[in-house]
Amino acid sequence: MRKGLLPMLLVAVVVAAAAGFAAGATTGAASPVWRADEAFNRALAERNRTAFSSWIAEDAVFLGDGLVEGRDAVVERWSPFLDRDSGRTLSWRPHTAVSSACEDLGYTVGDYVSTAPGPDGAPERRVGTYVTVWRRGDDGAWRVAVDAGTPPQPAENM
């Protein structure tokens, strides 16, 4: 059942985005979700577990190598990227950002790069594309509600 969830969820995100962002949306680098996306990336780059966790909604859903539900589970799954000794890195950059007219929901789309030690120990670089759905909480802070990415591909294939 969960295998079919990813395509259905992505379709739902696209439909909701099209319906909810039709008029008065803020786009591009001027969008508050663009800045949130960059700060979320920076927290991971700094391997700051507390800051990284603060960008994730308590009820977040992350799709990638399986479905991960809830902030604590997401942070646990992403622990290798937060561990300085793992040899793993992940970074991303948005190329599209849109927030709704009432600025309580938004999304970013961009490209990511991950590195991990290969079989011979040398770093292997892989790339992909992601979409992140952002929700602004009652406290005014933007947090990731849904995150999904394409399977990583060797950088030389892109």
Phi-based couplings in Hz for the range 45-55 (Karplus 6.51, -1.76, 1.60; Gly and Pro marked x) = 4, 7, 6, 9, 4, 5, 5, 4, 4, 5, 8
key: Gain in span if fully extended, D138 to L67, counting 0.36 nm per residue against the direct Cα distance   = 22.9 nm
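Compute the signed sum of charges (Lys and Arg +1, Asp and Glu -1) over the other residues within less than 13 Å, Cβ to Cβ, of A25.
-2
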ask   = So how many Å³ per residue does the convex hull of the Cα atoms of the range 40-158 work out to?
value = 101 Å³
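Using only alpha-carbon positions, what ratio does the radius of gyration of the range 69-115 give when scaled by 2.2 N^0.38 Å?
1.50
What is the percent carbon and sulfur in the accessible area of the range 27-158, measuring with a 1.4 Å probe over the protein chains and ignoring ligands?
49 percent
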Under-5 Å amide H pairs with E124, H placed in peptide plane, nonlocal only = A116, G118
query = Per-residue HN-Hα couplings for the range 28-42, Karplus 6.51 cos²θ - 1.76 cosθ + 1.60 at θ = phi - 60°, whole Hz, x for Gly and Pro?
reply = x, 5, 6, 6, x, 6, 4, 5, 5, 4, 5, 5, 4, 4, 4
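The values are calculated or read from the model by the stated rules, or taken from the named source; none is laboratory data. It should be emphasised that the depicted structure is a prediction, and the values quoted were computed from it without experimental measurement. Neighbour counts are summed over all protein chains in view; Cβ atoms, including those assigned to glycine, are modelled from backbone coordinates with ideal geometry. Remember, those area values only see protein heavy atoms, side chains included, never the ligands or the DNA or RNA. Shrake-Rupley method; radii C 1.70, N 1.55, O 1.52, S 1.80 Å.
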